[in-house]
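**Q** Okay, handing you the structure first.
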């Protein structure tokens, strides 16, 4: 009876140690950056045809509380969108709750939801209805995303992500999709 109890205790201690080792590796601070293509979904600039694609990037920092949950904050510049009437620039700050689930072979799937305080700047040229003007606005709205992460080592990982940034600024409420790849470094 004592040997069974010792075996169970030993196995329990080994299992707890293994769980703590995995958790310790996945916990902590990290930084990163992504770059990719952005896709504007909203009204045409000044009512005239608009190029709806651009180049965007994000810089972020985060903290993983365990292998499955963390928080990220950062800055996203979602690019410039040019049209016959002028140009629109989109950027802002975000705070996301990030969930991850390990798939095996160093791959993890990511999901995120958060808040985004974005700023839209619109510069209309002379061909726009009403003539040349500049306008900007900012507001807070939601942000969603999903992606895949591959861990190159305990410290370095590659990410591929899709994110949807919703703007609550100016008269329109556009959304911008960012399809990006990047790298992060865990301390």
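The values are calculated or read from the model by the stated rules, or taken from the named source; none is laboratory data. Since this is a predicted model, take the numbers as computed values, not measurements. Because the Cβ atoms are built from the backbone with ideal geometry, glycine has one as well, and the counts that use them run over all protein chains shown.
**Q** Mind checking which strands (runs of 3 or more DSSP E) fall wholly inside segment 99-187 and carry at least 1 residues that are at pLDDT below 85 and surrounded by 13 or more Cβ atoms within 10 Å (Cβ to Cβ)?
**A** Filter on segment 99-187 gives 107-124, 133-151, 175-186.
**Q** Kindly indicate the residue of segment 59-75 that is surrounded by 15 or more Cβ atoms within 10 Å (Cβ to Cβ) and touching a helix residue (DSSP H, G or I) at 6+ places or on another chain (Cβ under 6 Å) and also nearest to residue 113 (Cα to Cα) among those meeting that condition.
**A** 64
**Q** Another question, if that's okay. Going residue by residue through segment 11-29, is there one that turns out to be assigned to a strand (DSSP E or B), farther than 30 Å from residue 122 by Cβ, modelled with pLDDT of 60 or more and in contact with a strand residue (DSSP E or B) (Cβ under 9 Å, 6 or more places away or on another chain)?
**A** Restricting attention to segment 11-29, the residues satisfying the condition of being assigned to a strand (DSSP E or B) are 28-29.
The next check asks that each one be farther than 30 Å from residue 122 by Cβ; those that pass are 28-29.
Then keep just the ones that are modelled with pLDDT of 60 or more; that gives 28-29.
Retained after the next criterion (residues that are in contact with a strand residue (DSSP E or B) (Cβ under 9 Å, 6 or more places away or on another chain)): 28-29.
Yes; the residues of segment 11-29 include at least one that is assigned to a strand (DSSP E or B), farther than 30 Å from residue 122 by Cβ, modelled with pLDDT of 60 or more and in contact with a strand residue (DSSP E or B) (Cβ under 9 Å, 6 or more places away or on another chain).
**Q** Residue check: is residue 85 at pLDDT 95 or above and either crowded, with 16+ Cβ neighbours inside 10 Å or in contact with a strand residue (DSSP E or B) (Cβ under 6 Å, 6 or more places away or on another chain) (or both)?
**A** Answer is no for this residue.
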